[in-house]
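Notes follow once the structure below has been shown.
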Amino acid sequence: MNEGRELEWVSLDPDPVIEAYKRDVDRTLIRENLKLTPDERLRKMVSVLRFLEEVRGSKATK
Amino acid sequence: MTDFQRLLEALVGGNVEFVIIGGVAAVAHGSAHVTVDLDIVYRRTPENLARLAAALAPHAPYLRGAPPGLPFAFDVETIRRGLNFTLSTALGDLDVLGEATGGGNYDALRPRSESRQLYGLEVRFVDLDTLIHLKRAAGRPKDLERIAELEAIKQERNRS
């Protein structure tokens, strides 16, 4: 069994593709999420998932 | 839909040693993305393999996407012979990893994790820097957008 405690080396230098994506990140959403606890963030995500399931379900029954 | 609460209750209730990675860890750190499965890295000790098998046994773990009827049992011997399993369970999809891409086994990830309450349960998920590291190590095109968001979260945290 692997007893290694080190992570593989990986470059964390700025990546042009990631930097390009970063410009489109909605930081207002992030700032709102950072006001919540981790528990509240997960519960919020689950409520979004439930909503999406309901929308999918209502489409399927039409 | 994955029942994250009941999956975590099963694992924590079964005293399984694990660290959450992937989408749920990202959400816990502030990501606005949604995720449909739970990814965990479990400790590869004989005792923990037994606890993991026992914790999931009541929830019909099966290889996700595999045809029904295969002689698959998620028991100690199966876990010992394997490493990473993408499972479907009665509670939803669960990725059970002995090692995450980037070299992250439990012993490597635990010191790089945070202990927090989720659904009233004390669980560990990898810290933000480690999550970014694992996503970069995975090198999947679909992760680039997620990495951008995680790095933006880090910037926003540092601003406040």
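The values are calculated or read from the model by the stated rules, or taken from the named source; none is laboratory data. Computed from a prediction, not measured in an experiment: that's the story for all the values here. Note that each Cβ is placed from the backbone with ideal geometry, even for glycine, and that neighbours are counted across all protein chains shown.
A few notes on this one:
- Evaluation of A:Leu36 against (1) more than 30 Å from B:Arg80 (Cα to Cα); (2) among the hydrophobic types (A, V, I, L, M, F, W, C); (3) facing chain B (nearest Cβ under 7 Å) (one fails), failing number: (3)
- Every residue from the range B:113-160 that is part of a strand (DSSP E or B) and in contact (Cβ under 8 Å) with a residue 12 or more places away in the chain: B:Ser113, B:Glu114, B:Arg116, B:Leu118, B:Leu121, B:Glu122, B:Val123, B:Arg124, B:Phe125, B:Val126
- Any chance B:Asp3 is more than 20 Å from B:Arg110 (Cα to Cα), in contact (Cβ under 8 Å) with a residue 60 or more places away in the chain and of a type in the set (Asp, Glu): yes
- Test set (1) farther than 13 Å from B:Ala25 by Cα; (2) surrounded by 21 or more Cβ atoms within 10 Å (Cβ to Cβ) - B:Ile132 fails condition number: (1)
- Take the conditions (1) over 23 Å from B:Leu7 (Cα atoms); (2) at pLDDT 85 or above; (3) of a type in the set (Ser, Thr, Tyr); A:Ser58 misses just one of them, which is (2).
- Subset of the range B:61-105 [of a type in the set (D, E, K, R), away from every other protein chain (no Cβ under 13 Å) and closer than 28 Å to A:Glu8 by Cβ]: B:Arg64, B:Asp95
- If you go through the range B:137-149 and keep only what is under 17 Å from the mean Cα position of the chain (by Cα) and buried (at least 22 other Cβ atoms within 10 Å of the Cβ), you end up with just B:Arg146.
- Selection from the range B:53-71 of residues that are in contact with a helix residue (DSSP H, G or I) (Cβ under 7 Å, 6 or more places away or on another chain) and under 17 Å from B:Phe4 (Cβ atoms): B:Ala55, B:Leu56, B:His59
- Set side by side, the residues B:Ala108, B:Ala152, B:Ala53 differ, and just one is within 9 Å of chain A (Cβ to nearest Cβ) and more than 30 Å from A:Glu32 (Cβ to Cβ), which is B:Ala108.
- Flag for A:Leu29 being out of contact with any helix residue (DSSP H, G or I) (no Cβ under 7 Å at 6 or more places or on another chain), closer than 28 Å to B:Ala137 by Cβ, at the interface with chain B (Cβ under 7 Å from one of its Cβ atoms) and not basic (Lys, Arg): yes
For (1) buried (at least 19 other Cβ atoms within 10 Å of the Cβ); (2) closer than 30 Å to B:Gln155 by Cα; (3) among the β-branched types (Val, Ile, Thr), each residue gets a yes or a no:
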| residue | (1), (2), (3) |
| --- | --- |
| B:Gly14 | no, no, no |
| B:Thr35 | yes, yes, yes |
| B:Val41 | yes, yes, yes |
| B:Val76 | no, no, yes |
| B:Arg81 | no, no, no |
| B:Thr86 | no, no, yes |
| B:Val96 | yes, no, yes |
| B:Gly104 | yes, yes, no |
| B:Leu118 | yes, yes, no |
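- Candidate set: the range A:1-25, residues that are at the interface with chain B (Cβ under 7 Å from one of its Cβ atoms) and within 19 Å of the chain's Cα centre (by Cα); chosen: the one nearest to B:Ala100 (Cα to Cα): A:Ile18
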